Amino acid sequence: MAFIPAGEFVMGWGKGILPFHKVFVDAVYMDKYLVTDELFAKFLNEWGADVDERGHKMINNGGSINGGGIWWEPGEGRMSYPVVGVTWYGAMQYAKYYGKRLPTEAEWERAARAGSTGEWFFGDDKTLLDKYAWYCINSGNEIHRVGQKEPNPYGLYDIYGNAMEWCSDWFSPEYYSVSPLRNPQGPPSGEKKVLRGGAYGLGSLSCNSNGREASTPDGYYMNVLQGATAGFRCVISVKAFASRPPSSPCVQTPPKREPVVLAGFGENDEYQRWETTIYGKKKYGFINSNHEYFIKPQFDDARYFQEGLAAVKVGEKWGFVNRRGIMVISPSFFRVSCFYDGLSIVHEPTGEEGYIDRTGRYVIKPRFHDAWYFKNGFAHVSLNNERWVIDRSGILVFRCPKHMKYFSENYAAFSNDVKWGYVDKTGKVVIKPKYDAAGDFHEGLAAVKYESSFGYINKKGKYVFFPHYDKAGPFMKGYSYVELDGKDYKLYRDGKMKYLGENYPLPWDIWNRGYDPRQPCDEDD
């Protein structure tokens, strides 16, 4: 930002409704450049909406920012162009968000004049304007990147031309005749707001230190008159600048957009990752089940949320964010998995794998060739070409059969390549392999397949319901879903069955819950 010293100067044009009058303004810091498309798009994405805190539109259709709804970005190649089509409300909210404000009209003119008394800060020779401004003579009727012309003596670029600049004041033709001497703030009310500095399509009489334009705060009048040419720059008081440099974090918290949680959805369905292209690069963020983003696309890759955390990639490293978008485990890992049972698998460039907890601390150091996620306190790993079951301390508990599922109610289904049975947490075979498929235990019962039919066994391996069902799900809350002769039923523990009728909305994965042929330790996994 550029320092604009305090001082008295003669404001106005000396003609008609712009009489000369003395004004004193306090010192401020002012943005050297007009706010760009890149900066305003960043603000919109952090704010999370294109309306201000009172619901006013902040940028008009036809402005220089693309997108809307959940993400905004500059037009192609426009990152360093002045943002235009911004409403006065948008300029005000942007300034407030970053702890700044819009300049008053008097502050703007003091900064533009830079101690001069002529029509321009360089005097009254308008042929010199080409050196400092984009206006109708040299712009080709197009807006240009900021900072391409020479600055004024205070270090301000594009103070004339390129894009008009919103001021905080209401506009009144008669205000100069009643303006106070010290720090005038403009009329207390009005219909239009002041715009200063001219634009790329206007002539030298508008692109000077004293020319005035005005538009309704929504920018409609200016859009009709000159197209989307309204931009802005900000100021901050010397005291505020000294106590909080503008490069520090924002001082205002944007409105929260809470994720919408729908009943019956799993975590991965409530919090989906979402990708977009920003400046030609693919970025990832997260949306909720209403397709509203709650973490803006900013990561180079991302995984789904699991146990409240999601893995995200920044540059070449992976870390984890929570649902508020806060990085709780800094990006420092080569590759990671989602969290299960409070632990995440970490993959090292050497090919070794280990586990970290939710603080990012290693609880099992990388030493395995392959590692699978923890469930119910145990995980499967590969070490020295052998498969093992490990506990949360990393101790090798027993050698893992070639095909083995996770533990559920202390039993895990396994296969000897011919039939399926069950082992306990010590690796002891508790139910001999004799089934063609086997599911997890739930409420003391497991769905098993014999030849082409399903039934249920208890933990002693005895049939509670003999195989005659076409499909069988897990027991939950005292009943299970089964299919028999093409019809769906509820099967209760006492053997009673309730027909569910046609087109009954079964849980989408109910059959996989009871019998799932996939195993974490398959050799071809």
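For region 157-179, does any single residue satisfy the condition of being acidic (Asp, Glu), within 35 Å of the chain's Cα centre (by Cα) and within 16 Å of Leu129 (Cα to Cα)?
Here is the first cut: in region 157-179, the ones acidic (Asp, Glu) are 158, 165, 169, 174.
Checking which are within 35 Å of the chain's Cα centre (by Cα) leaves us with 158, 165, 169.
Subsequent filtering for residues that are within 16 Å of Leu129 (Cα to Cα) retains 158.
Within region 157-179, one or more residues are acidic (Asp, Glu), within 35 Å of the chain's Cα centre (by Cα) and within 16 Å of Leu129 (Cα to Cα).
Give the number of residues within region 399-415 that are outside any loop (DSSP other than H, G, I, E, B) and surrounded by 15 or more Cβ atoms within 10 Å (Cβ to Cβ).
The qualifying residues number 8.
Only one of these conditions is not met by His442: (1) free of Cβ contacts under 8 Å to residues at least 60 places away in the same chain; (2) surrounded by fewer than 22 Cβ atoms within 10 Å (Cβ to Cβ); (3) out of contact with any His (no Cβ under 9 Å at 6 or more places or on another chain). Which number is it?
His442 satisfies all of (1) free of Cβ contacts under 8 Å to residues at least 60 places away in the same chain; (2) surrounded by fewer than 22 Cβ atoms within 10 Å (Cβ to Cβ); (3) out of contact with any His (no Cβ under 9 Å at 6 or more places or on another chain) except (1).
Could you count how many residues in region 290-309 are modelled with pLDDT under 80 and not in a strand (DSSP E or B)?
3
Do you know which residues across region 96-105 are part of a helix (DSSP H, G or I) and buried (at least 23 other Cβ atoms within 10 Å of the Cβ)?
Taking region 96-105 as the starting set, the residues that turn out to be part of a helix (DSSP H, G or I) are 96-97, 105.
Selection gives Glu105 alone.
When you scan region 310-337, how many residues do you find that are assigned to a strand (DSSP E or B), out of contact with any Cys (no Cβ under 9 Å at 6 or more places or on another chain) and small (Gly, Ala, Ser)? First the steps, then the outcome.
Going through region 310-337, the residues assigned to a strand (DSSP E or B) turn out to be 310-314, 317-321, 327-333, 335-337.
With the extra rule that they be out of contact with any Cys (no Cβ under 9 Å at 6 or more places or on another chain), the set shrinks to 312-314, 317-321, 327-333, 335-337.
Narrowing further to those that are small (Gly, Ala, Ser): 319, 330, 332, 337.
So the count comes out to 4.
Pairs please, first residue from region 60-72 and at pLDDT 65 or above, second anywhere and of a type in the set (Gly, Ala, Ser) and not in a loop (DSSP other than H, G, I, E, B), Cβ atoms under 6 Å, 6+ apart in sequence or on different chains.
Every condition considered, the pairs that remain are Ile65/Ala41; Trp72/Ala41.
Going by what's in this entry, would Val86 be described as modelled with pLDDT of 80 or more, crowded, with 22+ Cβ neighbours inside 10 Å and in the same structural domain as Ser215 (by TED's automatic domain parsing)? So that I can check it myself, show each step before the final result.
Details: modelled with pLDDT of 80 or more: yes; crowded, with 22+ Cβ neighbours inside 10 Å: yes; in the same structural domain as Ser215 (by TED's automatic domain parsing): yes.
Yes.
Just a yes or no: is a residue in region 77-84 in a loop (DSSP other than H, G, I, E, B), under 24 Å from Trp134 (Cβ atoms), under 21 Å from the mean Cα position of the chain (by Cα) and free of Cβ contacts under 8 Å to residues at least 40 places away in the same chain?
The initial filter retains those residues of region 77-84 that are in a loop (DSSP other than H, G, I, E, B), namely 77-81, 83-84.
Okay, now just the ones that are also under 24 Å from Trp134 (Cβ atoms), so 77-81, 83-84.
Filter once more, so that each one left must be under 21 Å from the mean Cα position of the chain (by Cα): 79.
Now drop any that are not free of Cβ contacts under 8 Å to residues at least 40 places away in the same chain, which leaves none.
So far as region 77-84 goes, no, none of its residues is in a loop (DSSP other than H, G, I, E, B), under 24 Å from Trp134 (Cβ atoms), under 21 Å from the mean Cα position of the chain (by Cα) and free of Cβ contacts under 8 Å to residues at least 40 places away in the same chain.
Residue under question is Asp424, and the condition is that it be under 21 Å from Asp470 (Cα atoms) and touching a residue at least 12 places away in the same chain (Cβ under 8 Å); does it hold? If you could, list the steps in order and put the result at the bottom.
Working: under 21 Å from Asp470 (Cα atoms): no; touching a residue at least 12 places away in the same chain (Cβ under 8 Å): yes.
The answer is no for Asp424.
Residue-wise test of (1) outside any loop (DSSP other than H, G, I, E, B); (2) among the small types (Gly, Ala, Ser); (3) modelled with pLDDT under 95.
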residue	(1), (2), (3)
Val146	no, no, yes
Ser168	yes, yes, no
Pro173	no, no, yes
Ser179	no, yes, yes
Glu191	no, no, yes
Leu195	yes, no, yes
Leu202	no, no, yes
Leu205	no, no, yes
Asn208	no, no, yes
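Within region 416-434, can you find the residues that are over 19 Å from Ala379 (Cβ atoms), within 49 Å of the chain's Cα centre (by Cα) and assigned to a strand (DSSP E or B)?
Of everything in region 416-434, those that are over 19 Å from Ala379 (Cβ atoms), within 49 Å of the chain's Cα centre (by Cα) and assigned to a strand (DSSP E or B) turn out to be Trp420, Gly421.
For region 115-131, state whether one or more residues are assigned to a loop (DSSP other than H, G, I, E, B), in the same structural domain as Ala27 (by TED's automatic domain parsing) and closer than 30 Å to Gly285 by Cβ. It would help to see each step written out before you state the result.
Residues of region 115-131 that are assigned to a loop (DSSP other than H, G, I, E, B), as a first pass: 115-119, 121-122, 124-125.
In the following step, the residues that additionally are in the same structural domain as Ala27 (by TED's automatic domain parsing) were identified as 115-119, 121-122, 124-125.
Imposing the further condition that a residue be closer than 30 Å to Gly285 by Cβ reduces the set to none.
The answer is no, given that none of the residues of region 115-131 is assigned to a loop (DSSP other than H, G, I, E, B), in the same structural domain as Ala27 (by TED's automatic domain parsing) and closer than 30 Å to Gly285 by Cβ.
When only residues in region 299-337 that are surrounded by fewer than 18 Cβ atoms within 10 Å (Cβ to Cβ) and hydrophobic (A, V, I, L, M, F, W, C) count, which is nearest to the chain's Cα centre (by Cα)?
My answer is Ile326.
Exactly one condition in (1) surrounded by fewer than 20 Cβ atoms within 10 Å (Cβ to Cβ); (2) of a type in the set (Asp, Glu); (3) touching a residue at least 24 places away in the same chain (Cβ under 8 Å) is false for Glu109; which is it?
Going through the list (1) surrounded by fewer than 20 Cβ atoms within 10 Å (Cβ to Cβ); (2) of a type in the set (Asp, Glu); (3) touching a residue at least 24 places away in the same chain (Cβ under 8 Å), Glu109 breaks only (1).
The values are calculated or read from the model by the stated rules, or taken from the named source; none is laboratory data. From a predicted model like this one, the values you see are computed outputs, not experimental measurements. Methodologically, a virtual Cβ is constructed for each residue, glycine included, from the backbone with ideal geometry; neighbour enumeration extends over all protein chains shown.
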